[in-house]
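What follows is a single structure, written as structure tokens, with notes after it.
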Amino acid sequence: MSSTVNYETEILSEDDDNGTMPNNVATLAEAVVGHRIVSVERGVPIPGADSWRGTSGTALTLDSGKRVFLADSSDCCAYTELEAFLLHADRIDHVVTGVGTTGGFTHWHVFADMGDVLELTVGWSCGNPFYYGYGFDITVIEVAR
């Protein structure tokens, strides 16, 4: 069984996003493409995090041992929050080939050749446009082998 995965690049109005959301997607893709996702955990302490932006988040552990942390952000009326995730266990042996979004960056798709490996449901708002910070704080920790 083969599947072609293709998510069109979403473009939001300059009144809705200043490039933060596409940059977040690109940062996540840079960290996970070419790897398999071994596990996903919520509420994991983020090494070196400060209390201003949060000290815990969601950790994706990759086949290389690398850990990718997604920390929610909240700044007055602007925020980004991982509401839910769905890891497709039947596809975790497949190498991630890309990250796409649908629904105005509310559904993120981490995909491989056989379809989505991981789906993220994301709530977000730029608040009072671009006065406050939003977007995930993404931290990548390389594990020495």
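Throughout, read-outs are computed from the coordinates displayed, never taken from laboratory work. This structure is a prediction, so every number in the text was calculated from the model and none was measured. We place every Cβ from the backbone using ideal geometry, glycine too, and count neighbours over all the protein chains shown.
Which residue, Phe105, Phe69, Phe130, has the most motion in a Gaussian network model of the chain that connects Cα atoms within less than 10 Å? Checking each option, the largest mean-square fluctuation is seen for Phe130. For the range 59-69, the Karplus equation 6.51 cos²θ - 1.76 cosθ + 1.60, evaluated at θ = phi - 60°, returns couplings of 10, 9, 9, 9, 4, 7, x, 4, 10, 10, 9 Hz by residue, with Gly and Pro reported as x. At full extension, Ile138 and Asp63 could sit 25.2 nm farther apart than now, given 0.36 nm per residue minus the alpha carbon distance.
Projected over every direction and averaged, the convex hull enclosing the alpha-carbon atoms of the range 38-93 yields 4.5 nm².
Quick one: grab the alpha carbon gyration tensor of the chain, order the square roots of its eigenvalues as a ≥ b ≥ c, and give me rounded if a/c is under 1.5, else prolate or oblate depending on whether a/b is larger than b/c. Oblate. A cut-off of 5 Å between modelled amide H atoms, ignoring neighbours fewer than 5 places along the same chain, links Gly57 with Gly43, Val44, Ile46. Note on Thr121 and Asn18: the model spin-label points, each 7 Å out from Cα along the C-beta direction, lie 3.0 nm apart.
A straight chain from Asn6 to His107 at 0.36 nm per residue would run longer than the Cα-Cα distance by 35.0 nm.
For the range 117-125, 3J(HN,Hα) computed residue by residue from phi via the Karplus equation (6.51, -1.76, 1.60; θ = phi - 60°) reads 8, 9, 10, 10, 9, 10, x, 7, 7 Hz, glycine and proline entered as x.
Extending 7 Å from Cα along the Cβ direction at Glu83 and again at Ala26 yields two label points whose distance is 2.7 nm. Counted residue by residue at 0.36 nm each, then reduced by the alpha carbon distance between them, the extension gain from Ser56 to His94 reaches 10.9 nm. In terms of the Cα gyration tensor, with a ≥ b ≥ c the square roots of its eigenvalues, is the range 6-54 rounded because a/c is under 1.5, prolate because a/b exceeds b/c, or oblate? In terms of gyration-tensor shape, oblate. Ordering Gly65, Asn18, Val32 by Cα displacement along the dipole of the range 1-93 toward the positive end leaves Gly65 in first place; charges were set at the Cβ atoms of Lys, Arg (+1) and Asp, Glu (-1). Computed from backbone phi, the HN-Hα couplings of the range 134-141 come to 8, x, 5, 8, 10, 10, 10, 10 Hz, rounded to whole numbers (Karplus: 6.51 cos²θ - 1.76 cosθ + 1.60, θ = phi - 60°; Gly and Pro given as x). Near Gly98, the amide H atoms lying under 5 Å from its own belong to Phe111; only residues 5 or more places off or on other chains count, and H is placed 1.01 Å from N.
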